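Report on the structure given below.
The values are calculated or read from the model by the stated rules, or taken from the named source; none is laboratory data. Since the structure is predicted, the reported quantities are computational estimates derived from the model, not experimental observations. Reconstructed Cβ throughout: ideal geometry from the backbone, glycine too, with neighbour counts over all protein chains shown.
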Ligand code: PEP
Ligand code: CO
């Protein structure tokens, strides 16, 4: 049977998607999800698109961050709140460096499905299907738990809805108050080890004092008391995505209701594949991960297809580059040249996590803090040289005090990794490493004196 409209991905090749054995159960879950309220609405997706258009012109900077994989077991109010807090702190520090508004996008409220590099995992001589994220199968290393279960989509939706509810409350309530966000940051720089960043925090304090002296306060100016906070995830599990897609009642356009922004992973960006076919039809801003194997030819087709031929549709498409430290110079220029030749208006952003995963001496999957920083620096350098806009950064991070990535001022060593290694998938920056990175990116941006936005200013 030929599928049409938003179901057309079903006729394309599916990569990295589970094969469900019980079709009746799958259909029942899809029917159930189709009857649920969407988590985001068309106008919110359009507002994010406008914000992303500003990022593409260098008039705003993008901060995207959160878990590699959200977990059902580790879910709770504290976790959501702490991630939100750290993202706001990072955004405030980055605003100061970028001198433009920071668009805040969480990897949250739907970041459940994971592409894997191998279909199976072996432990103590036992080989089982790989874990693919809590919305697909279970983390526990036993046969039953690794069977894909469609019912997990309902639990994923429920957790995403609860998360979204909390995010909406926090974004408009007291937790987003600029004075409070600044106070937490002062707490971090008060620690001896973070003394290097005290100057920046003090300069920020001066600015806050000035704002107050000029008569502006959170009570008077809503902008100081609340934030716009958006959600995003990889749109990997297309049965879930399609079931939550709604038609805009006015325009008839498709809106993914699962999150504000959806991205396509580095492993599922085949130009004729299912994921591109799904994403090209929704009006939400789309991210496309670009790793070292991205060819100029493929990128050309992908940009054209995902922008539906409207290459000046700024805010529609974000290219998330992830090559690894030391490899940006080798790969980014050809992608920039391709996009410039096409005249496409895209957002360029840097994911310095996925090209920098290594196995530590103690056997843990980790990422050295200095490699993460290096890749961001190389990304800024190449864009500056080529006169294009370095639009933003994309991190895997958490508000919890985990020990998953090595390095940082409050140094996590190889031996520390086993202390609090909680991630369900890739290693994340902890709260202090995340904030430190924001301080360092702030420094980078200020050293460049706004030249990362050369294309706009010239
Ligand atoms: C991810 O963002 O978690 C991910 C798997 O990234 P990539 O597709 O770039 O490998
Ligand atoms: Co990841």
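Annotations
- As a summary of the residue check, residue 423 satisfies the conditions (1) within 15 Å of ligand 2 (Cβ to nearest atom); (2) under 28 Å from residue 330 (Cα atoms) except for the one numbered (2).
- Check on residue 86, part of a helix (DSSP H, G or I), in contact with a helix residue (DSSP H, G or I) (Cβ under 9 Å, 6 or more places away or on another chain) and over 21 Å from residue 52 (Cα atoms): yes
- You will find that of 292, 368, the residue that is within 23 Å of the chain's Cα centre (by Cα), within 20 Å of residue 265 (Cβ to Cβ) and either at pLDDT 95 or above or crowded, with 17+ Cβ neighbours inside 10 Å (or both) is 292 and no other.
- All of (1) surrounded by fewer than 22 Cβ atoms within 10 Å (Cβ to Cβ); (2) under 30 Å from residue 148 (Cα atoms); (3) out of contact with any helix residue (DSSP H, G or I) (no Cβ under 8 Å at 6 or more places or on another chain) hold for residue 10 with one exception: (3).
- Qualifying residues in the stretch 32-44 (those that are in a helix (DSSP H, G or I) and within 21 Å of residue 162 (Cβ to Cβ)) - the one farthest from the chain's Cα centre (by Cα): 32
- Restricting the stretch 137-189 to residues that are assigned to a helix (DSSP H, G or I) and in contact with a strand residue (DSSP E or B) (Cβ under 6 Å, 6 or more places away or on another chain), the residue that is farthest from residue 38 (Cα to Cα): 171
- Restricting 93, 55, 80 to residues that are more than 16 Å from ligand 1 (Cβ to nearest atom), touching a strand residue (DSSP E or B) at 6+ places or on another chain (Cβ under 8 Å) and in a helix (DSSP H, G or I) narrows the list to 55.
- Residue in the stretch 280-294 that is part of a loop (DSSP other than H, G, I, E, B), away from ligand 1 (no atom under 14 Å from the Cβ) and at positive phi present: no
- Considering (1) under 30 Å from residue 367 (Cα atoms); (2) away from ligand 2 (no atom under 16 Å from the Cβ), the lone condition that residue 263 does not fulfil carries the number (2).
- Annotation note: Cβ proximity below 8 Å between a residue of the stretch 425-443 that is under 21 Å from residue 381 (Cα atoms) and a residue that is part of a helix (DSSP H, G or I) and within 15 Å of ligand 2 (Cβ to nearest atom) (sequence gap 6+ or interchain) occurs for 437/372.
- Pair list, Cβ < 7 Å and 6+ apart or interchain, from the stretch 104-115 residues that are under 10 Å from residue 67 (Cα atoms) and near ligand 1 (Cβ under 10 Å from one of its atoms) to residues that are assigned to a loop (DSSP other than H, G, I, E, B) and at pLDDT 95 or above: 107/67; 111/67; 111/69; 111/70
- Scan of the stretch 384-407 for residues that are free of Cβ contacts under 8 Å to residues at least 60 places away in the same chain and closer than 20 Å to residue 52 by Cβ, ordered by number: none
- The set of residues in the stretch 319-335 being in a helix (DSSP H, G or I), touching a helix residue (DSSP H, G or I) at 6+ places or on another chain (Cβ under 8 Å) and surrounded by fewer than 21 Cβ atoms within 10 Å (Cβ to Cβ) consists of 329, 333, 334.
- The selection criterion, being within 24 Å of residue 251 (Cα to Cα), in contact with a helix residue (DSSP H, G or I) (Cβ under 6 Å, 6 or more places away or on another chain) and buried (at least 19 other Cβ atoms within 10 Å of the Cβ), holds for residue 33.
- Leading residue by the ranking (surrounded by the fewest Cβ atoms within 10 Å (Cβ to Cβ)) among those in the stretch 228-257 that are within 14 Å of the chain's Cα centre (by Cα) and away from ligand 1 (no atom under 12 Å from the Cβ): 229
- Just one of the numbered conditions (1) part of a loop (DSSP other than H, G, I, E, B); (2) surrounded by 18 or more Cβ atoms within 10 Å (Cβ to Cβ); (3) away from ligand 1 (no atom under 16 Å from the Cβ) is not true of residue 363: (2).
- Hey, residue 26 closer than 19 Å to residue 238 by Cα, buried (at least 16 other Cβ atoms within 10 Å of the Cβ), modelled with pLDDT of 95 or more and in contact with a strand residue (DSSP E or B) (Cβ under 9 Å, 6 or more places away or on another chain) or not: no
- Residue match in the stretch 115-126 (condition: in contact with a strand residue (DSSP E or B) (Cβ under 8 Å, 6 or more places away or on another chain) and either within 19 Å of residue 235 (Cβ to Cβ) or assigned to a helix (DSSP H, G or I) (or both)): yes
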